[in-house]
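Peer 1: To start, I am sharing the structure in question, which I have written as structure tokens.
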Amino acid sequence: MTDRPAPPAPRAETAGAPGFVQDALLGADGSVDGGDPHELPLHRTTFVVVDLETTGGSPDGGGITEIGAVKVRGGVELGSLGTLVNPGQPIPPFITMLTGITQAMIAPAPPIETVLPTFLEFLSDAVLVAHNAPYDVGFLKAACAKHGYRWPNPRVLDTVALARRVLTRDEVPNRKLGTLAAYFRTTTQPNHRALDDARATVEVLHALIGRLGGHDVHTLGGAIEFARAVTPTQRRKRHLADGLPKGPGVYIFRAADDRPLYVGTSTDIATRVRSYFTASEKRARMSEMLAAAERVDAVECAHGLEAEVRELRLIAGHAPPYNRRSKYPERALWLKLTAEPYPRLSIVRAIGPDDVAYLGPFGSRRSAELAAAGFHEAVPLRQCTHRLSVRTTIAACALAELGRCPAPCEHRVDVEAYDRQAAAPFRAATVGNPQMVVEALLARIETLSAGLRYEEAAVTRSRLAALLRATIRMQRLTALSRVAEIAAARPARDGGWELALVRHGRLAGAGVSPPGRHPRATLEVIRATAETVPSGGHGPVPHATAEESERILSWLERPETRLVQISEGWASPADGAERYRDLLTKADSAGSAGRDEAGRG
């Protein structure tokens with residue numbers, strides 16, 4: 001159901017009649033003050049304390065019989081809202097005995113779909129407070145979903161959770177609202193009526209906030225996180241996030257001996273680092289890392305692309321123990337054609353200047369083996385590891401007897417014919433047109449499917465996908481690294497332009513042109529101070545890692561990015577692997593569907 005705009009709030013009705021009682025708001029709009037809400041002092045925070053009475057059961061979009069809400073800030077009540085609600089269903093007798101709300105009382109009351117617009121307007125941008133907040137929020141969210149209103153997803157503070165953290169068992173035997181009200185001697189006693197219970201919760205909230213000062217909690221974000229199950233280590237190390245910049249960049253958690261423990265990136269360093277000290281961070285390895293961390297360093301960057309690239313370079317340079325990805329780019333694998341009269345495919349750790357036919361880099365041996373198996377299935381490349389001679393022969397293997405190898409070991413095929421039939425298709429597929437290999441594998445899949453050999457067809461499809469993924473990737477990287485220099489720009493969020501200077505697939509310079517100023521001047525400064533990247537080298541990305549160049553490609557290919565200047569043509573082969581992108585997508589989708597079906601079986 002689509003969201004619909006909330007109608008204006010009903011006017012206050014006469015006392016004693018079912019409906020709303022909304023006090024003057026003393027000029028307050030109920031919104032949270034400007035700035036970072038996380039850092040907002042508690043005495044300047046606007047709270048809307050809510051209590052619901054319901055027919056019981058689980059939230060299903062109905063069942064609410066009464067809503068009470070009180071808006072407060074700085075200990076001053078700004079307004080209140082209270083109404084009975086017709087739940088559209090009978091009230092169970094035990095609920096009537098508990099609350100005193102009868103069927104006759106709710107008969108003339110408005111339904112929840114009429115009440116919600118006014119309640120949501122009253123809530124506005126304030127912090128929602130409730131005693132056992134998940135219960136009340138669950139009913140309100142379900143009602144919004146059922147009747148087509150957008151739930152504003154406010155920040156929520158639960159007084160039950162806060163009481164668990166602030167009060168000991170020696171002080172109170174439980175955290176029920178009645179128990180807390182008695183302990184704090186509130187002027188309003190809870191009685192299972194929504195507005196009275198909300199007013200009692202306001203007093204409990206203020207008493208709990210008074211206790212937070214002893215725990216050095218003075219802000220909204222601190223209170224919300226304190227109420228959650230943050231670990232002692234997170235609380236003790238929270239000061240490491242102090243003073244960090246709020247812009248884009250890289251952050252580095254360091255040990256006492258300055259060793260980098262973990263490197264990350266964010267468009268807002270301060271907010272991201274602060275999140276490591278909240279209840280939302282539940283990863284065991286991050287808890288271990290925080291225990292060892294003694295400081296956090298920040299490297300401010302011009303924009304997100306520079307931050308991503310710096311992160312990759314720092315991880316590759318230092319191999320922090322708590323980073324799992326991008327730590328060892330030198331461990332990439334390659335599938336190359338050996339340099340011998342009858343070449344074969346070999347999976348190697350590195351390629352050299354003399355290697356002229358190769359495919360990669362691969363992130364795992366499995367993906368390299370799948371691609372190799374795809375070539376072996378499509379073209380008659382030998383699979384033995386013998387060093388063959390053009391002068392002497394050796395006995396043929398079983399593959400030759402099965403017709404799957406032209407048996408160069410017995411000289412059944414000469415060097416030129418072998419190259420034409422087996423090696424040339426590999427070279428063509430990796431740097432240009434993979435059509436011959438692709439068509440051979442598609443024909444194989446069709447034959448296997450026609451023979452009802454679906455599992456074998458799925459294996460061949462996986463090999464085709466691995467082969468296409470690698471060739472598309474390498475051709476894209478090669479095309480970018482051939483260009484001596486690309487200057488590009490994309491609009492910055494606050495105006496101006498984000499600028500990037502790319503040389504041979506490597507980010508050589510970055511900056512931001514301020515709003516109202518022509519970006520050309522900033523670009524010239526970046527160019528004058530940019531890293532020098534030489535031409536030449538071997539491999540698809542001789543001067544960067546594949547991951548760095550792929551991050552650059554992703555940035556350059558965004559619709560909003562503009563190519564400002566380019567030193568030469570930037571293009572991939574017209575008949576290259578990229579034209580099989582749709583086929584790769586279909587193969588991947590079919591593979592995922594097959595795995596899902598196998599899992600269900």
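Peer 1: Quick check: is even one residue across the stretch 423-437 surrounded by 16 or more Cβ atoms within 10 Å (Cβ to Cβ), under 23 Å from T385 (Cβ atoms), without any contact (Cβ under 8 Å) to a residue 60 or more places away in the chain and in the same structural domain as A357 (by TED's automatic domain parsing)?
Peer 2: Scanning the stretch 423-437, I find at least one residue that is surrounded by 16 or more Cβ atoms within 10 Å (Cβ to Cβ), under 23 Å from T385 (Cβ atoms), without any contact (Cβ under 8 Å) to a residue 60 or more places away in the chain and in the same structural domain as A357 (by TED's automatic domain parsing), so the answer is yes.
Peer 1: If you don't mind, another one. Taking into account only those residues within the stretch 367-420 that are of a type in the set (K, R) and not in a helix (DSSP H, G or I), which is surrounded by the fewest Cβ atoms within 10 Å (Cβ to Cβ)? Steps first, please.
Peer 2: Taking the stretch 367-420 first, the residues of a type in the set (K, R) are 382, 387, 391, 404, 412, 420.
From what's left, not in a helix (DSSP H, G or I): 382, 387, 391, 404, 412.
Details: R382: 25, R387: 11, R391: 7, R404: 15, R412: 14.
Applying the filter and picking the extreme gives R391.
Peer 1: Here's a follow-up. Could you look through the stretch 62-78, keep only residues that are assigned to a loop (DSSP other than H, G, I, E, B) and in contact (Cβ under 8 Å) with a residue 60 or more places away in the chain, and pick out the one that is surrounded by the fewest Cβ atoms within 10 Å (Cβ to Cβ)? Quick ask: steps written out before the conclusion?
Peer 2: Quick first cut of the stretch 62-78, residues assigned to a loop (DSSP other than H, G, I, E, B) only: 62-63, 74-75.
Retained after the next criterion (residues that are in contact (Cβ under 8 Å) with a residue 60 or more places away in the chain): 62-63, 75.
Working: G62: 22, G63: 23, G75: 9.
Only one residue tops the list, namely G75.
Peer 1: Are there any pairs with C-beta distances below 8 angstrom linking a residue in the stretch 379-408 that is closer than 26 Å to T430 by Cα to a residue that is of a type in the set (F, W, Y) and crowded, with 16+ Cβ neighbours inside 10 Å, with the two at least 6 apart or on different chains, and if so which?
Peer 2: If the second residue must be of a type in the set (F, W, Y) and crowded, with 16+ Cβ neighbours inside 10 Å, the pairs left are V379/F426; L381/F375; L381/F426; R382/Y342; L388/Y342; P406/Y418; P408/Y342; P408/Y418.
Peer 1: Quick one: which of E300, E311 is within 30 Å of A368 (Cα to Cα) and outside the structural domain of R412 (by TED's automatic domain parsing)?
Peer 2: Working: E300 fails: within 30 Å of A368 (Cα to Cα).
Being within 30 Å of A368 (Cα to Cα) and outside the structural domain of R412 (by TED's automatic domain parsing) holds for just one of E300, E311, which is E311.
Peer 1: Scan A133, A142, A107 and give me the residue that is in contact with a Pro (Cβ under 6 Å, 6 or more places away or on another chain) and modelled with pLDDT under 95. Write out each step before concluding.
Peer 2: Numbers: A133 fails: in contact with a Pro (Cβ under 6 Å, 6 or more places away or on another chain); A107 fails: in contact with a Pro (Cβ under 6 Å, 6 or more places away or on another chain).
Exactly one residue qualifies, and that residue is A142.
Peer 1: While we're on this one: Applying the selection to the stretch 218-249, what residues are under 20 Å from L157 (Cβ atoms), part of a helix (DSSP H, G or I) and not polar (S, T, N, Q)?
Peer 2: L220, G221, G222, A223, I224, E225, F226, A227, R235, R238, listed by residue number.
Peer 1: While we're on this one: If I ask for residues that are more than 26 Å from P134 (Cα to Cα) and out of contact with any Phe, Trp or Tyr (no Cβ under 8 Å at 6 or more places or on another chain), which ones from the stretch 227-243 would you list? Spell out how you get there, then give the answer.
Peer 2: So the first thing to find is which residues in the stretch 227-243 are more than 26 Å from P134 (Cα to Cα), and the list is 233, 236-243.
Correct list: T233, R236, H239, D242, G243.
Peer 1: Suppose we filter A350, A371 for residues that are in contact (Cβ under 8 Å) with a residue 12 or more places away in the chain, under 19 Å from P329 (Cα atoms) and within 33 Å of the chain's Cα centre (by Cα); which single one remains? Please lay out each step first, then the result.
Peer 2: Numbers: A371 fails: under 19 Å from P329 (Cα atoms).
None of the others qualify; the one that does is A350.
Peer 1: Sticking with this structure for a sec: When you scan the stretch 556-570, do you find a residue that is crowded, with 19+ Cβ neighbours inside 10 Å, modelled with pLDDT of 95 or more and not assigned by TED's automatic domain parsing to the domain that holds V309, even just one?
Peer 2: Quick first cut of the stretch 556-570, residues crowded, with 19+ Cβ neighbours inside 10 Å only: none.
Scanning the stretch 556-570, I find no residue that is crowded, with 19+ Cβ neighbours inside 10 Å, modelled with pLDDT of 95 or more and not assigned by TED's automatic domain parsing to the domain that holds V309, so the answer is no.
The values are calculated or read from the model by the stated rules, or taken from the named source; none is laboratory data. Bear in mind that the values here come from a model prediction, so they are computed numbers and not experimental data. We place every Cβ from the backbone using ideal geometry, glycine too, and count neighbours over all the protein chains shown.
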